[in-house]
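Take a look at the structure below.
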Amino acid sequence: MQPRQLGRTTLRVSPLCLGTMQWGWTASEQDARATMDAFVEAGGNFLDSADIYSRWVKGNQGGVAEEIIGRWMADRRNRAQIVVATKVRGPMWRGKDDEGLSAAHIKRAAEDSLRRLQVETIDLYQCHWPDESTPIEESLRAFDELIQSGKVRYIGASNYTAPLLREALGVSVERGLPRFETLQPRYNLVHRAEFEAELMAGCAEAAVAVIPYSPLASGFLTGKYRPGIHIDSARRSRVSQHTNDAGYTVLAAVDRVAKAHSTSPAAVALAWLLANPIVAAPIVGANTPAQLADQLAAPTLALAREEIDELESASRGL
């Protein structure tokens, strides 16, 4: 995988970003390590996490994915080669400033993430969701302090609407504060309208790099969810919104393109995203190296214009 510059930052990242939400949830630490090893061996260097991963699992207090990454980097001694991204916003402790984007929460959460990751600097620190109860200027000033102290290099946003992103970028300019250099939207072939309606043009105009999450629609676009086939998966409830005529129409188009290239549906769905110049690196997920393998072909898969048109025609309106 040939690295590319991440928007206006100085970070050079692989065209695929390995998500780590599954570490300590659907992937054991042993499998997580093996998957990260395989990702790096294939040329990957970009890891995305969040402090809350994975608090929804019984017995998991959050921070587990960051801890696994930290131990892996320490053992492999490869921190200098890895671009580490993580997120802040969700609840991590009980008591005052338990969650949100207040200055107090951001600073405390950053220190905790640095400790768990066993690093001195977070390369990309992102707001996991907006916090409309906290003025954006307060949050940006807290991020500015972290940047000035060397604890964070760049900041980004996730799950922001177009108006909120515009507001944040405007405050950065007006107050001379750091700006969001990246955006993580939910974006894939069966979930296009939310991003394409306003955010895509706004990100292009402001040169905000896009790092889409759920690029395979929780596994639907891998092709394993077919009519009449039951898959026992922790993500099945998320996939059910796509197991309908509209979703299967898209999957059929993906299948046709995949067959023409002798590749996997996952590689085609990711290659479609990478054909968009605003997309920096889709966030892929895998529990094992075997699950990752199909996705690694995407950066070198060049889709013809007519194939892109076929995929977009099949997914129009979604």
- line: In degrees, nearest 10, the alpha-carbon axis of helix 136-148 is tilted away from the dominant principal axis of the alpha carbons of the chain by 80
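Given 0.36 nm per residue, what is the gain on full extension from Ala104 to Asp75 after removing their alpha carbon distance, in nm?
Working: separation 29, 0.36 × 29 = 10.44 nm, distance 3.20 nm.
Result for the pair: 7.2 nm of gain on full extension.
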message: Cross-link candidates for Lys259: which lysines have Cα within less than 30 Å, leaving aside residues fewer than 8 places away along the same chain?
response: Lys224
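Explain nothing, just the number: relative contact order of the chain, from Cα pairs under 8 Å at least 6 residues apart, as a whole percent. Walk me through the numbers before you get to the answer.
Details: 587 pairs, mean separation 58.2, N = 318.
For the chain, the relative contact order is 18 percent.
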- request: Place a label point 7 angstrom from the Cα of Glu137 along the Cα-to-Cβ direction, then list the residues of region 178-207 whose backbone nitrogen is under 16 Å away.
  value: 178-179
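What is the projected area of the convex hull of the Cα atoms of region 217-318, averaged over all directions, in nm²? Present the calculation step by step, with values, prior to reporting the outcome.
On the way: hull surface 26.9 nm².
Average of the hull's projected areas for region 217-318 equals 6.7 nm².
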- request: Could you run the Karplus curve 6.51 cos²θ - 1.76 cosθ + 1.60 with θ = phi - 60° over region 125-131 and give me ³J(HN,Hα) per residue in whole Hz, x for Gly and Pro?
  value: 10, 10, 6, 5, 9, x, 10
task: Note down the nm distance, to one decimal, between modelled labels 7 Å out along Cα→Cβ at Thr121 and at Thr300.
output: 3.2
- line: Taking Cα atoms only, Rg over Rh for region 238-294 with Rh from the Kirkwood formula is 0.99
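In region 4-184, what % of DSSP beta bridges are antiparallel (nearest 5)?
10
If you take every DSSP beta bridge whose two residues both sit in the chain, what share of them, in percent to the nearest 5, is antiparallel? Working shown, then result.
On the way: 3 of 29 bridges.
Bridges in the chain are about 10 percent antiparallel.
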statement: Quick calc, the chain, dipole around Cα centre from Cβ unit charges on Lys, Arg (+) and Asp, Glu (-), nearest 20 debye, gives 560
query: Roughly what angle does helix 245-261 make with the longest principal axis of the chain, taking Cα atoms, 0 to 90 degrees, to the nearest 10?
result: 80
- line: For region 4-184, the Kirkwood Rh over every pair of distinct alpha carbons, in Å, works out to 16.5
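From the P(r) of region 131-252, could you give the percentage of C-alpha pairs in the tail past 23 Å?
Working: 3333 of 7381 pairs.
In whole percent, the long-distance tail amounts to 45.
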query: Rounded to the nearest 0.05, what FRET efficiency is calculated for Lys224 and Ala197 with R0 set to 35 Å and r the Cβ-Cβ distance?
result: 0.75
message: With n ≥ 4 as the cut-off for DSSP H runs, can you work out [θ] at 222 nm for the chain, using -39500 (n - 2.57) per run divided by the number of residues, rounded to the nearest 500?
response: -12000 deg cm²/dmol
Set of lysines with alpha-carbon distance to Lys87 below 17 Å, sequence-local pairs under 8 removed: Lys107, Lys151
- prompt: Which value, in nm² and rounded to one decimal, describes the direction-averaged projected area of the C-alpha convex hull of the chain?
  reply: 15.7
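We did not get these values from a lab; they are worked out from the coordinates using the rules stated. Just so you know, these numbers come straight off a predicted model, no measurement behind them. For neighbour counting, all protein chains shown are included, and Cβ atoms are generated from backbone atoms with ideal geometry for every residue, glycine included.
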